[in-house]
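J.: Quick one: this structure, given as structure tokens, is what I'll be asking you about.
The values are calculated or read from the model by the stated rules, or taken from the named source; none is laboratory data. In this text the structure is predicted, and so the values were computed from the model without any measurement. All Cβ positions, glycine included, derive from the backbone under ideal geometry; neighbour counts span all protein chains shown. Surface accessibility is based on the protein's heavy atoms, side chains included, excluding ligands, DNA and RNA. Shrake-Rupley method; radii C 1.70, N 1.55, O 1.52, S 1.80 Å.
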Amino acid sequence: METLQGLTALVTGASSGIGEACAVALSEAGARLVLAGRRGERLEALAGKLKTPAHPLVLDVSSRRDVESVLGSLPAGFAEVDILVNNAGLGLGLEPAHEASLDDWEAMIDTNCKGLVYVTRTLLPGMVRRNRGHIVNLGSVAATYPYPGGNVYGATKAFVHQFSQNLKADLVGTRVRVTDVQPGMVETEFSVVRFKGDAERANKVYEGMEPLTGADIADIVLWCVTRPARVNVNVVEVMPADQGFGPFSVKRR
Ligand code: NDP
Ligand code: 8X3
């Protein structure tokens, strides 16, 4: 295992769930942290708990202008990002495509695709210049396996997968690595956000089964970024033992 002492990690969506758990794990392994997200108070509270230096950064990744200006002027000691965890993202709604909200679709594309691209494009040149870096993108099993109501959410995660693979293609020969981590069900605020604050409906998603935790995913992210520099883990797909695959659906008449 490589040490993260002396390295700087930036986690988007560090105010909750998988991102928060990643920040904790990377800090415990010795990295300094930039904690990005929209809810500043949560980021401040997390920064106060971490044992390594941490810089809370209020940032909406879907704003290209904000991403470019804020990430382009990180304070000394945090400006050279070695590990980027592109985790900020969301699913909105579970309606079938012909009933889904176009606003929800746009918000998912703006955050999961465009936000991830803005952050990556802003930080990647520095990684290539220093010939050192690792980008970990949070994809999903939804990238590969469709489910009713997954429509644009699944499509955004398929984008994350293809973008990760194509980044890898461009970065061959550099010491900048790219990994797409694709979880199944993880109990975080994900479903509360998907169902727009309906906690009861969100809880039902995980009822009677044992979902993954943010810490389970953070453990995987930490494993990926602590492999020797010659090792690029391309994709990790992970599900709860209690989750599986549906059969093809067939409408019989
Ligand atoms: P949470 O809702 O708990 O966390 C999402 C995080 O993303 C929050 O910290 C939120 O912070 C941040 N975020 C959302 N929109 C923006 C934005 N525009 N700008 C900056 N930050 C933003 O969900 P998870 O931890 O579960 O989700 C993290 C990632 O993991 C997502 O990409 C999700 O798609 C993916 N994933 C989740 C799975 C699950 O089952 N939970 C499974 C597979 C993948 P804030 O609101 O403060 O901005
Ligand atoms: C989130 C998990 O199964 O709802 O990516 O798509 S799932």
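J.: When you go through (1) among the polar types (S, T, N, Q); (2) closer than 23 Å to PHE248 by Cα; (3) open to solvent by less than 60 Å² (accessible area, probe 1.4 Å) one by one for ASN137, which number turns out not to apply?
T.: Result: ASN137 fails condition (2) only.
J.: Test of understanding: among ALA158, ALA142, ALA169, which residue is in a helix (DSSP H, G or I), small (Gly, Ala, Ser) and free of Cβ contacts under 8 Å to residues at least 12 places away in the same chain?
T.: After applying the criteria, what remains is ALA169.
J.: Looking only at region 145-155, filter to residues that are open to solvent by less than 40 Å² (accessible area, probe 1.4 Å) and outside any helix (DSSP H, G or I); which one of those is farthest from ALA97 (Cα to Cα)?
T.: Of everything passing the filter in region 145-155, GLY150 is farthest from ALA97 (Cα to Cα).
J.: So, one more: Checking ALA21 against (1) open to solvent by 60 Å² or more (accessible area, probe 1.4 Å); (2) outside any loop (DSSP other than H, G, I, E, B); (3) small (Gly, Ala, Ser), which single condition isn't satisfied?
T.: (1) is the only condition that ALA21 fails.
J.: From the list GLU200, GLU189, exactly one residue is under 23 Å from TYR145 (Cα atoms) and open to solvent by 40 Å² or more (accessible area, probe 1.4 Å). Which is it?
T.: Values: GLU200 fails: under 23 Å from TYR145 (Cα atoms).
From the options GLU200, GLU189, the qualifying one is GLU189.
J.: If you don't mind, there's one more thing I want to ask. If you take the residues of region 112-154 that are out of contact with any Leu (no Cβ under 6 Å at 6 or more places or on another chain) and among the hydroxyl-bearing types (Ser, Thr, Tyr), which of them is farthest from ligand 1 (Cβ to nearest atom)?
T.: THR120
J.: For a quick check of your reading of the model, give me the residue pairs whose first member lies in region 112-130 and is surrounded by fewer than 19 Cβ atoms within 10 Å (Cβ to Cβ), whose second is acidic (Asp, Glu) and in a helix (DSSP H, G or I), with beta-carbon atoms closer than 9 Å and at least 6 apart or on different chains.
T.: ARG121/GLU68; THR122/GLU68
J.: Is one or more of the residues making up region 4-13 among the hydroxyl-bearing types (Ser, Thr, Tyr), more than 21 Å from PRO183 (Cα to Cα) and open to solvent by 10 Å² or more (accessible area, probe 1.4 Å)?
T.: no
J.: Scanning region 63-80 for residues that are within 16 Å of ligand 1 (Cβ to nearest atom) and under 20 Å from the mean Cα position of the chain (by Cα), which turns out nearest to GLY30 (Cα to Cα)?
T.: Across region 63-80, the extreme among qualifying residues is LEU71.
J.: Ok, one more. Can you pull out every residue in region 205-248 that is open to solvent by 90 Å² or more (accessible area, probe 1.4 Å) and touching a Pro at 6+ places or on another chain (Cβ under 8 Å)?
T.: GLU210, ASP242
J.: If you go through region 95-104 one residue at a time, do you hit one that is within 16 Å of the chain's Cα centre (by Cα) and within 13 Å of ligand 1 (Cβ to nearest atom)?
T.: No; the residues of region 95-104 include none that is within 16 Å of the chain's Cα centre (by Cα) and within 13 Å of ligand 1 (Cβ to nearest atom).
J.: For region 80-106, name all the residues that are more than 30 Å from ARG132 (Cβ to Cβ) and part of a loop (DSSP other than H, G, I, E, B).
T.: LEU90, GLY91, LEU92, GLY93, LEU94, GLU95, PRO96, ALA97, HIS98, GLU99, ALA100, SER101
J.: Give the residue that is nearest to LEU138 (Cα to Cα), with candidates limited to residues of region 172-217 that are part of a helix (DSSP H, G or I) and away from ligand 2 (no atom under 16 Å from the Cβ).
T.: Residue satisfying both the conditions and the ranking: ALA215.
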